[in-house]
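Only one structure is covered here, and it is reproduced in the block below.
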Amino acid sequence: MRAMDGPTRRPGGGRRAALRFLAVVLIALPALAGCGAGPVDGAAVRDTDAVRRLLDGWATALRDRDEGAYLAAVDPGERAYRDRRRQVFANLADVPLASWEYGAVRTGGFTPAPGDGHRVAAEAELRYRLAGYDTAPVAVPVRLTAVRRAGRWYVAGDDTASGDRQLWEQGRVTAVRGRHSLVLGAGQEPAALRALSGLADAAVPAVAAAWPDGAGPDGDRRDGDRPGRLVVEMPASLDRMGALLGAPPSDYRGIAAVTTTAGEKGGGGPAPAGRIVVNPEAYTALSPFGRRAVLTHEATHVATRARTTDTTPMWLSEGFADWVAYRTADRAPAAIAPELARAVHAGRPPERLPADADFRFTGGADRLARAYEGAWLACRMVAERWGERKLVAFYRAAGTGSVDKAARGVLGVGERELTEGWRGYVGKTLR
């Protein structure tokens, strides 16, 4: 993929891939309340209640930064596991936690780790929130083994088959607090994290200028409409990034950054917690211009996440993020869209707006680049012809209905007329 003057992008785009990640992370835990048609097992209910109390105390110890109480909840017979939890506790020392709790506890869903004592398999949902940054908790499924010894319950192990899915499971976390950002890094030099924080801090006002309060046909604002605070995670390597995202590292090779969401949404509640995960290998290969564009692009996805739905086409969500990233750039359009410019000069101009499938990495780097470039030019055209506020209003309207309806209601033209205008605009702008 192109990694010189513009951002190296992710397969599938920020929004759709973020939703895919959400499906991976927020694994459904069916029947967590123990509802069922069969008889209630009194011993199982007592085990579940005991494990719930155990995890409540464990969470309280971590929130209170009480290492002794935290380790006292871990099986003394599992020395290797105790050492691991001691390290995880230390790794979290610099992470500003507003909440940390275990909910939706269910026992008996899988085979517990082998060993002596009365052992119980427990599925739960770890819910945590970063102080000053998350408006909603991040929810992470966990699978633990609990053991009862001499009338006391302990945590005896967890399912590590999925790898180190949280940054603090990968190493000591260093936190860099910026004016608008919190950068969390593991296995990274502080100087690199400070530089990343500076770009994240610059991205927030850049996005706020393009995505203002009260813009849009309804004139309202929801939590998450502006990226007042950004959380950026930078693992030690591409392999570690893959572990964080629960996917093969090859899926993100050459991809500089990923925006993910995890949390509750709907019913007028807060927008899900947003995370920008940086691939240190691809990101460091970018030019300074490219790095700035990447952070601004991803920050736009964080800001628009509450307004981005399944009805928002990817050309609009990705094109809008690129439009914000390049909004004040002093570069010729052909320099920002070189692949599409080559196609136009070769007599192969695009016939239609990019489809969602065009944003898949499996289609090839050139096709992916043309999809992003065409999407950016579509949003640039709307901003030039109808104005920036109309572009924002169009984006918001597209999240509540069809693109054709949104275009007619905000721009006064249908999707077909919009596409025809874009084709002419691309040819004129890139020639």
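Applying the criterion of being more than 32 Å from the chain's Cα centre (by Cα) and of a type in the set (Lys, Arg) to the residues of the stretch 340-369, the residue that is farthest from GLU420 (Cα to Cα) is ARG342. The single condition among (1) acidic (Asp, Glu); (2) assigned to a loop (DSSP other than H, G, I, E, B); (3) in contact (Cβ under 8 Å) with a residue 12 or more places away in the chain that ASP330 does not satisfy is (3).
Quick grid of which residues meet (1) modelled with pLDDT under 95; (2) of a type in the set (Phe, Trp, Tyr); (3) within 27 Å of ASP64 (Cα to Cα):
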site	(1), (2), (3)
PRO114	yes, no, no
SER162	yes, no, no
LEU182	no, no, yes
GLU189	no, no, no
SER197	no, no, no
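Filtering the stretch 41-95 to residues that are surrounded by 14 or more Cβ atoms within 10 Å (Cβ to Cβ), over 20 Å from ARG127 (Cα atoms) and in contact with a strand residue (DSSP E or B) (Cβ under 8 Å, 6 or more places away or on another chain) leaves ALA44, ASP47, ASP75, GLY77, GLU78, TYR81, ARG82. Taking the listed residues ARG380, ARG423, ARG367, ARG408, the one that is open to solvent by 30 Å² or more (accessible area, probe 1.4 Å) and modelled with pLDDT under 95 is ARG367, with no other qualifying.
The sole residue among LEU144, LEU182 that is more than 18 Å from ALA90 (Cα to Cα), surrounded by 20 or more Cβ atoms within 10 Å (Cβ to Cβ) and touching a Pro at 6+ places or on another chain (Cβ under 8 Å) is LEU182.
The test for being in a helix (DSSP H, G or I), under 20 Å from LEU340 (Cβ atoms) and of a type in the set (D, E, K, R) holds for GLU384. Within this structure, VAL138 passes the test of being over 18 Å from VAL51 (Cβ atoms) and buried (at least 19 other Cβ atoms within 10 Å of the Cβ).
Let's see how each residue does on (1) of a type outside the set (Gly, Ala, Ser); (2) at pLDDT 95 or above; (3) surrounded by fewer than 24 Cβ atoms within 10 Å (Cβ to Cβ):
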position: HIS297; (1), (2), (3): yes, yes, no
position: THR300; (1), (2), (3): yes, yes, no
position: THR309; (1), (2), (3): yes, no, yes
position: TRP315; (1), (2), (3): yes, yes, no
position: ALA334; (1), (2), (3): no, yes, yes
position: LEU340; (1), (2), (3): yes, yes, no
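The criterion of at least 3 residues that are under 19 Å from GLU233 (Cβ atoms) and among the aliphatic types (A, V, I, L, M) is met by the following strands (runs of 3 or more DSSP E) wholly inside the stretch 62-155: 138-149. Of all residues assigned to the stretch 318-325, none qualifies as being more than 24 Å from GLY198 (Cβ to Cβ), modelled with pLDDT under 95 and acidic (Asp, Glu).
Scanning the stretch 342-364 for residues that are farther than 17 Å from VAL403 by Cβ, touching a residue at least 60 places away in the same chain (Cβ under 8 Å) and open to solvent by less than 60 Å² (accessible area, probe 1.4 Å) turns up VAL344, PRO349. Go through the stretch 233-264 residue by residue and tally those that are modelled with pLDDT of 85 or more, polar (S, T, N, Q) and open to solvent by less than 20 Å² (accessible area, probe 1.4 Å). Here the count works out to 2.
The values are calculated or read from the model by the stated rules, or taken from the named source; none is laboratory data. Keep in mind that what you see is a predicted model, and the values were worked out from it rather than measured. With ideal geometry, Cβ positions are generated from the backbone for all residues, glycine too; neighbour counts draw on all protein chains shown. Note: areas computed on protein heavy atoms with side chains; ligands, DNA, RNA excluded. Shrake-Rupley method; radii C 1.70, N 1.55, O 1.52, S 1.80 Å.
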